[in-house]
Each structure stands twice: as structure tokens, then as C-alpha cells.
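Please read the structure below before turning to the comments.
The values are calculated or read from the model by the stated rules, or taken from the named source; none is laboratory data. If you're wondering where the values come from, they're calculated on a predicted model, not measured in any experiment. As a convention, Cβ positions derive from the backbone with ideal geometry for all residues, glycine included, and neighbour counts pool all protein chains shown. When the accessible area is computed, the model is the full protein with side chains, heavy atoms only, and any ligands, DNA or RNA have been set aside. Shrake-Rupley method; radii C 1.70, N 1.55, O 1.52, S 1.80 Å.
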Amino acid sequence: MEEVEVVVAHCQRATLRVGEVFLKVDGDPAHADVEVRAMAMAPVPTPAILWREPPVLAIAAVPGKALGILGEPSAASPAAWAAAGAAIRRLHDAPLPPWPGRRLDDVAAELDRECAWLLANSVLPAEVVRRNREIAEAALRPWKPVFIHGDLQITHVFVDGDEVTGVIDWSEAAPGDAMFDLATLTLGHEERLDDLLAGYGPGADRDVIRAWWSLRSLLASRWLIEHGFDPDAPGCEFDVLRSRMRET
């Protein structure tokens, strides 16, 4: 038997790698249901599903390597970032998945709760939370739903040279705001936004993308802390929030 690598593990799910196979174990079968359906619908490269035996989903590794990781400069070329942008545009132009996504009212209510928790627990300076809460307002506007990945972190897009070879982890896919995907992929790598949008094409709203950088970081911080991750690691969510304070 090959060595087993624990890719991620917390109280909700775990992902193991055995050779070229990833085993995803999730306590909620609905996540795997969405992932399987979304990958079948997505007009971009996705991993091959090898088998499913709830609560385990086995998928094949995709070739290439991740576009980058949080906290380190991306070594991928501008052309690779543009290719990622073009792939995201194909996804956003595809027919909507038939299950519901998050509503604007739900996002606004969650933002209120998370900011209140950050302030009550003195997780960040109050001015950092309040300033980013102000910036986040620009994302809280009606959007035309598109097919979004929903968790398009930089480690979920794989490239080989200047070609996208796979997009992984589709359990959050749903109808949603296109700018959320663009913001998630460039979180902590804001300097690559121009490269990404060169491939994505017209229609991107930079102000809304910036707002989602703040909004997503505010929403994610408590979950990361409670599940054993560090949002204060270099280049991660807290750095994103603090960087907004240096802007006029």
C-alpha cells in the first residue's frame, strides 16, 4: 500500500491522498451530491470520479500543480492566470445548476453575525472590522445568478504550463455572484487580478471584487479559527483585512 497523505482533516470532513487517488470523507452526503452533479455539468476540466460509497467519494488526481497557495507569490505565468480567467468565464456562461444558492439577505445577515463575533471576541482591532464591513457593503447588491464554483481558492485550480488541467472541490457550487469566484481566486493575490481578468473578459466589476475580498475574509475567519486553521498566517485572511486599512 502506498503512503497515505492527510490533505485536510477537521470535524466536518477529511481528504486523504493515496497515490493518484483522493478519498473525500464527508459527514454530510449532500456535499458529495452537489460535487458529483456540479462536475458533470461544469464546462471546464474536472477530476474523474472513480467510485462513490457514502460517506466516501474517490476521485483521480488532476495533472499539473495548483495555481498557487495563500501566503506565497504565485509562480504561475500571466498566461496561466488568463487561462484560469477564461475557464471561469466558461463556467459563468454555462446553464445554472438546478439547486438554490445563497440569497443576498442571508449573506447580509451572516456578515452582521460574523462581524459581531469578531468584535465581541476581540479577534481583530475594532477599526479593522468596521472598515472592512464598510468596504463589504459594495458586494451586498442584487446580482444576476451565474453558475459559480463557490469555493474557488487558488489551490483548487490546477495548471500545466499555461493550460488549466483541472478545477477541484465542487461541493459549494451553486447559482451565485460571478464576482465572488473572481475575488476568491485572487484573495491574497490581488496583484494577479489584471492577469485573471485578461482571460475572463468584459463584465467584471473591480469594486465589487474588492468588496468580496473583505466580505469573504470577514465571513471565513471564525470558521477557520474553530476548525484549527490560522487566518493570521502570512498572506491569509487577516492580512487581507489589514491591507484594506492602508488604502485610501
Checklist entry - Angle, helix 104-120 long axis vs. longest principal axis of the chain, Cα atoms, 0 to 90°, nearest 10? => result 70
Checklist outcome for this item: Given 10 °C, 1.306 mPa s and a Kirkwood radius over Cα pairs, the Stokes-Einstein diffusion coefficient of the stretch 168-248 in µm²/s is 116
Checklist entry - Could you give the length gained on full extension between Ala30 and Asp239, defined as 0.36 nm per residue of separation minus the Cα-Cα distance, in nm? => result 72.0 nm
Checklist outcome for this item: One can check that the equivalent ellipsoid of the stretch 1-153, built from the alpha-carbon gyration tensor with semi-axes equal to the square roots of five times its eigenvalues, has lengths in Å, largest first, of 30, 21, 19
Checklist outcome for this item: If the chain between Ala198 and Arg52 were fully extended at 0.36 nm per residue, the gain over the current Cα-Cα distance would be 48.8 nm
Item to check | Rh (Kirkwood; distinct C-alpha pairs) - the stretch 63-244, Å | outcome: 16.6
Checklist entry - Tell me, what are the semi-axes, in whole angstrom and largest first, of the equivalent ellipsoid of the stretch 70-139 as set by the roots of 5 times the Cα gyration tensor eigenvalues? => result 31, 22, 10
Checklist entry - Given the Cα-Cα distance of Arg130 and Ala108 and 0.36 nm per residue of separation, how much length would full extension add, in nm? => result 6.5 nm
Next on the checklist: Could you tell me the relative contact order of the stretch 50-145? Use alpha-carbon pairs under 8 Å, at least six residues apart, and round to a whole percent.
Outcome noted: 15
Checklist entry - Which angle between 0 and 90 degrees, to the nearest 10, do you get for helix 206-226 versus the longest principal axis of the chain when only C-alpha atoms count? => result 70
Checklist entry - What part of the accessible area of the chain, given as a whole %, is carbon or sulfur when the probe is 1.4 angstrom? => result 55
Checklist entry - Label points 7 Å out from Cα along the Cβ direction at Val7 and Asp162: separation in nm? => result 2.8
Checklist entry - How far, in degrees from 0 to 90, does helix 126-136 lean away from the longest principal axis of the Cα atoms of the chain, to the nearest 10? => result 70
